[in-house]
Amino acid sequence: MESCYNDPPGYSAFADFRLNYLTQLNRRYGADFVLDDFVPEAYYNADTSTVEGRLRAQADRAVPVPGLGLTLIIPRGQFLNVGYSVKFDGQDLVREVGKHGFSLRAHWEDFDSRYGLFLFRRQET
């Protein structure tokens with residue numbers, strides 16, 4: 001699963017996407033992240049069926065973020081989590097979303113590719 005969320009050699013789309021979080025913190029909040037100090041990676045947690053987008057620190061870092069009034073302390077080898085991608089079983093998804101007041105209106109699934117689109121609508125009260 002991780003290979004689906006990590007760039008193959010010679011490509012950087014996922015890495016660029018993850019590093020853009022730091023670029024935005026620098027631009028919007030005056031942070032001082034050095035992009036080369038972090039290695040983008042994906043980690044698959046099989047217990048929760050979740051892919052975590054991470055930025056792993058290559059050295060100890062203390063990064064001031066003046067616009068938020070804080071300094072982030074990031075030890076070498078630790079990571080910033082910049083996103084989750086959760087993998088669902090279709091029936092589990094319908095049950096979970098139903099608990100929050102939505103009903104399934106339509107769905108399209110490609111079982112060979114293990115991909116689906118689901119259309120939910122808030123239930124009338």
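In segment 47-81, the qualifying residues are those that are of a type in the set (Gly, Ala, Ser) and free of Cβ contacts under 8 Å to residues at least 40 places away in the same chain, and the one that is surrounded by the fewest Cβ atoms within 10 Å (Cβ to Cβ) is GLY69.
Would you confirm, using the coordinates I've provided, whether TYR84 is in contact with a strand residue (DSSP E or B) (Cβ under 8 Å, 6 or more places away or on another chain), closer than 30 Å to GLU41 by Cα and free of Cβ contacts under 8 Å to residues at least 24 places away in the same chain? Spelling it out, it is not the case that TYR84 is in contact with a strand residue (DSSP E or B) (Cβ under 8 Å, 6 or more places away or on another chain), closer than 30 Å to GLU41 by Cα and free of Cβ contacts under 8 Å to residues at least 24 places away in the same chain. Of the residues that make up segment 22-40, is at least one among the aromatic types (Phe, Trp, Tyr) and out of contact with any Leu (no Cβ under 6 Å at 6 or more places or on another chain)? No, every residue in segment 22-40 fails to be among the aromatic types (Phe, Trp, Tyr) and out of contact with any Leu (no Cβ under 6 Å at 6 or more places or on another chain).
Do you know which of the residues in segment 6-53 that are over 15 Å from the mean Cα position of the chain (by Cα) and of a type in the set (Gly, Ala, Ser) is farthest from LEU68 (Cα to Cα)? Result: GLY10.
Of the residues making up segment 83-120, those that are closer than 24 Å to GLY53 by Cβ and in a helix (DSSP H, G or I) are GLY90, ASP92, LEU93, GLU96, VAL97.
Of all residues in segment 1-46, those satisfying the criterion of being surrounded by 12 or more Cβ atoms within 10 Å (Cβ to Cβ), of a type outside the set (Gly, Ala, Ser) and either within 17 Å of LYS87 (Cβ to Cβ) or touching a Gly at 6+ places or on another chain (Cβ under 6 Å) (or both) are MET1, TYR5, ASN6, PHE14, ARG18, TYR29, TYR43, TYR44, ASN45.
Quick one: in segment 99-125, which of the residues that are polar (S, T, N, Q) and loosely packed, with under 11 Cβ neighbours inside 10 Å is modelled with the highest pLDDT?
Out of the qualifying residues, it is GLN123.
For segment 18-55, which positions are part of a strand (DSSP E or B) and among the aromatic types (Phe, Trp, Tyr)? Those that are part of a strand (DSSP E or B) and among the aromatic types (Phe, Trp, Tyr): PHE38, TYR43, TYR44.
The values are calculated or read from the model by the stated rules, or taken from the named source; none is laboratory data. Since this is a predicted model, take the numbers as computed values, not measurements. As a convention, Cβ positions derive from the backbone with ideal geometry for all residues, glycine included, and neighbour counts pool all protein chains shown.
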